[in-house]
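These notes are about the structure you will find just below.
The values are calculated or read from the model by the stated rules, or taken from the named source; none is laboratory data. Bear in mind the structure is a predicted one, so any value in this text is a computation, not a measurement. Note that each Cβ is placed from the backbone with ideal geometry, even for glycine, and that neighbours are counted across all protein chains shown. Protein only, heavy atoms only, side chains kept; ligands, DNA and RNA dropped before computing areas. Shrake-Rupley method; radii C 1.70, N 1.55, O 1.52, S 1.80 Å.
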Amino acid sequence: QVYLVESGGGTVQAGGSLRLSCAASGINFKIHTMKWYRQAPGKERELVATIGSGGNTIYEDVVAGRFIISRDNSRNRVSLQMNSLTIEDTAVYYCNTQSQNVSFWGRGTRVTVAS
């Protein structure tokens with residue numbers, strides 16, 4: 001069974017930083033592409049950042065230059081360092097991966113950016 005468990009959310013002032021973490025189990029973590037998505041109130045879930053098995057990264061324009069995705073294969077963890085946060089970054093953040101054409105999600109961690 002694949003499990004993804006996010007942590008690190010909370011409330012932060014605009015301009016501040018947070019670091020999210022996702023612990024994965026039930027997969028051969030090092031070979032999987034890992035992604036962070038987010039869903040703001042009243043909006044659809046959107047992709048934020050991707051990290052491949054080789055460590056290559058892709059960022060959506062809205063977070064490029066502010067967010068950093070990284071992975072620790074020795075601990076089966078993927079992280080998202082979020083800097084220069086704005087109120088538009090307020091959302092529930094989800095960790096995601098795919099295995100054998102099945103998409104797996106964590107339960108999410110809530111990030112609230114206060115003005």
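Brief remarks on what is shown
Yes/no per residue for (1) farther than 16 Å from V5 by Cα; (2) not aliphatic (A, V, I, L, M):
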{"position": "A24", "(1), (2)": "no, no"}
{"position": "Q39", "(1), (2)": "yes, yes"}
{"position": "E44", "(1), (2)": "yes, yes"}
{"position": "T57", "(1), (2)": "yes, yes"}
{"position": "G108", "(1), (2)": "no, yes"}
{"position": "A114", "(1), (2)": "yes, no"}
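- One residue from V5, V92 being open to solvent by 50 Å² or more (accessible area, probe 1.4 Å), under 16 Å from G106 (Cβ atoms), among the β-branched types (V, I, T) and at pLDDT 95 or above: V5
Conditions tested, residue by residue: (1) of a type in the set (A, V, I, L, M); (2) over 24 Å from A14 (Cα atoms); (3) in a loop (DSSP other than H, G, I, E, B); (4) touching a strand residue (DSSP E or B) at 6+ places or on another chain (Cβ under 9 Å).
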| site | (1), (2), (3), (4) |
| --- | --- |
| L47 | yes, no, no, yes |
| V63 | yes, no, yes, yes |
| E88 | no, no, no, yes |
| C95 | no, no, no, yes |
| Q98 | no, yes, no, yes |
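- Condition broken by I27, with the remaining ones in (1) aliphatic (A, V, I, L, M); (2) open to solvent by less than 30 Å² (accessible area, probe 1.4 Å); (3) under 14 Å from the mean Cα position of the chain (by Cα) satisfied: (3)
- Long-range neighbours under 8 Å by Cβ, at least six apart or interchain, first residue more than 20 Å from H32 (Cα to Cα) and basic (K, R) within region 56-69, second assigned to a loop (DSSP other than H, G, I, E, B) and open to solvent by less than 50 Å² (accessible area, probe 1.4 Å): R66/N83; R66/L85
- Meets criteria (farther than 19 Å from V2 by Cβ and out of contact with any Cys (no Cβ under 7 Å at 6 or more places or on another chain)) for T50: no
- Any chance S99 is at pLDDT below 95 and either open to solvent by less than 70 Å² (accessible area, probe 1.4 Å) or in contact with a Cys (Cβ under 6 Å, 6 or more places away or on another chain) (or both): yes
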